[in-house]
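Asks: What follows is a single structure, and I will ask about it in a moment.
Nothing in this text is a laboratory measurement; each read-out follows from the coordinates by a stated rule. Just so we're clear, the structure is a prediction, and the values are computed from it rather than from any experiment. Here the Cβ positions follow ideal geometry from the backbone for every residue, glycine too, while neighbour counts run over all protein chains shown.
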Amino acid sequence: MEPRIRVSDGERDRVVRRLQQAFADGRLGPGEMEERLERALTAIYHGDLLPLITDLPDDRDSPDAPDDVLRLTSTGGRIKRSGDWQVPRLLRVESEYGGVRLDLSQALVRYPEIDIELRLPYGSATIVLPSGATANVDGVRTGWGSVTCALPGRARPGALHVRITGELEYGRLRVRTSRERPGPRR
């Protein structure tokens, strides 16, 4: 980063995500986190951002970062993850004919932003995100299939952001937030 070059919104967002991860890891206290976030969101030059992250590790470059990539594959069966499971930074899902259901609503997600890569030539996928999450599906290509996502596409500070990419030639992708089940009728 050149100290006197103006920063973009994307660069500010990347610094905010690193600060959020550092807070989640216990490296920053609430007061320091709040102060650094305010400075990051109002930064004009790269030189304004550098001091906010120079003392923090970048987990993406760490060779021993746990659970960064998970590959789930199937030829014709279903792939399903739900309940209390740990979500990696990158999730690669491949299924020739089967369906995929990934429910992140009760999962442990350590990262403020994750990527899901789908390779489903004839399969379909449903991805359930926690309330308040955002999802960008612009990187999903379909032939005869469809993509349905009513969630906001831009990352928001403090909320999980999921980037979904890949190919669904004949299948469909549905991305939604979790729904509360109604209680018993009286």
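Asks: Would you mind ranking SER105, SER124, SER146 so that the residue whose beta carbon has the fewest other beta carbons within 10 Å leads the list?
Replies: SER146, SER105, SER124
Asks: What distance in nm separates the simple spin-label points at TYR122 and GLU167, each placed 7 Å from Cα in the Cβ direction?
Replies: With each label point 7 Å from Cα toward Cβ, the separation is 1.6 nm.
Asks: For the pair LEU50 and SER146, how long in nm is the line joining their label points, each one 7 Å along Cα→Cβ?
Replies: Roughly 5.2 nm, to one decimal.
Asks: Could you tell me the calculated FRET efficiency between GLU34 and THR177, based on Cβ-Cβ distance and R0 = 41 angstrom, to the nearest 0.05?
Replies: 0.95
Asks: Within the chain, what's the longest run with no GluC sites (Glu not before Pro) in a DSSP loop and at most 14 other beta-carbon atoms within 10 Å? Give the range, please.
Replies: In the chain, the maximal stretch lacking such sites is 1-95.
Asks: While we're here: Take each complete run of DSSP H in the chain, measure how far its Cα atoms stretch along the helix's own axis, and keep only those covering 20 Å or more with mean Kyte-Doolittle hydropathy at least 1.6; list them.
Replies: Membrane-span-like by this criterion, though nothing is claimed about a membrane: none.
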